[in-house]
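Read through the structure below, which is laid out as structure tokens, and then see the notes.
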């Protein structure tokens with residue numbers, strides 16, 4: 001525990017997600033620097049609240065363990081924790097044991113260990129001639145979906161607690177939503193709000209969830225949520241909610257928006273895309289668009305419109321905004337465009353042009369930078385953005401994608417992370433020494 005506490009002094013703002021036999025950063029702001037048969041080393045970077053860029057090395061090993069190496073070559077013990085989060089001055093470690101999940105919260109002075117509550121998890125549904133539709137549960141000790149406040153002092157759990165069947169024949173049901181709060185230094189998870197989400201036709205594989213989207217950048221005790229409706233053929237997003245922790249109040253911000261990507265740092269604008277209506281192995285049933293919605297006057301700006309830009313309606317190609325983010329000053333917007341093109345296809349219904357040949361697949365990613373005031377647009381091809389460094393620089397990751405016809409899957413090839421100057425569009429490899437980063441600009 002002392003080594004982990006010392007580690008906090010060296011490491012600022014990191015999030016790591018560990019999955020299967022490899023480890024990934026939660027926001028994936030990492031660059032692979034060394035690879036061997038039994039380990040992979042990454043360098044991770046993040047900007048601190050004082051504007052300084054900090055680094056640490058992270059090594060994942062083939063035996064499903066990891067260690068963190070800071071710049072002074074201090075090495076931690078091999079760890080088996082499955083999940084790390086760092087907000088403010090607080091480190092949170094999620095650990096699996098034979099009884100369930102344990103959450104350890106640490107700062108430089110104290111540490112607190114919390115055992116996950118035992119809760120019912122929906123495992124499926126049953127239909128009988130006597131009782132109609134019923135819900136099957138299993139019990140486990142685990143934490144529900146959660147989000148850390150920006151200062152790390154609070155964790156909010158947003159949990160779909162249970163389902164109540166109202167009409168076993170029609171499938172009318174209510175999903176009971178519970179929002180819980182854990183303050184740093186405490187071990188009791190408090191229930192602060194309950195709500196009911198209504199939905200019909202559970203029997204045709206429809207379900208509804210409400211999950212935390214992001215915290216407000218301008219209001220310390222407020223965060224946003226959105227609704228997700230899982231359907232048999234298509235999934236849809238709807239509504240943007242805001243929850244005030246002090247008042248324990250949930251208010252609807254907008255029912256107009258669909259899949260929300262980002263809320264501006266002044267809480268005045270929303271970036272969202274329209275719901276994708278493509279289903280049944282087809283392609284391009286939807287005119288993919290990215291919008292900016294103004295909450296003050298309810299006006300709407302279209303930042304990207306696929307059919308207008310590419311004239312590809314009913315064509316076997318798709319250009320889809322998959323993420324978007326405001327710059328720190330809110331004056332610029334960056335978004336990633338995923339492009340998918342299928343050759344030997346006649347239309348979006350995937351009819352073959354030549355019946356004797358297979359389809360060909362091409363995918364790429366491009367970065368688009370939009371100036372909200374001048375409306376100028378700049379593009380950087382074959383890359384995805386990671387985060388804003390400041391209003392004039394982005395951390396990006398070059399990426400090429402190929403289709404493996406034997407495994408029938410996409411293979412991503414990432415290169416070293418770069419710093420992109422959005423004014424000159426020049427790049428520099430992200431290195432350890434912060435003083436050399438901007439030497440090329």
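At a glance:
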| item | result |
| --- | --- |
| Per-selection Kirkwood Rh - the stretch 117-255 (Cα, Å, 1 d.p.) | 16.3 Å |
| R0 of 45 Å, Cβ-Cβ distance residue 356-residue 138: FRET efficiency to nearest 0.05 | 0.35 |
| Extension gain from residue 323 to residue 378, taking 0.36 nm per residue of separation minus the Cα-Cα distance | 18.2 nm |
| Residue 166-residue 214 FRET efficiency (beta carbon distance; Förster radius 45 Å; 0.05 resolution) | 0.90 |
| Cα principal axis extents for the stretch 324-441, largest first, Å | 57, 34, 19 |
| Mean Cα-pair separation over length for the stretch 264-441, i.e. relative contact order, pairs under 8 Å, 6 or more apart, % | 12 percent |
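Values quoted throughout were computed directly from the atomic coordinates according to the rules given, and no laboratory measurement underlies them. Owing to the predicted nature of the structure, the values given are computational and were not obtained by experimental measurement. Please note: Cβ atoms are built from the backbone with ideal geometry, for glycine as well, and neighbour counts cover all protein chains shown.
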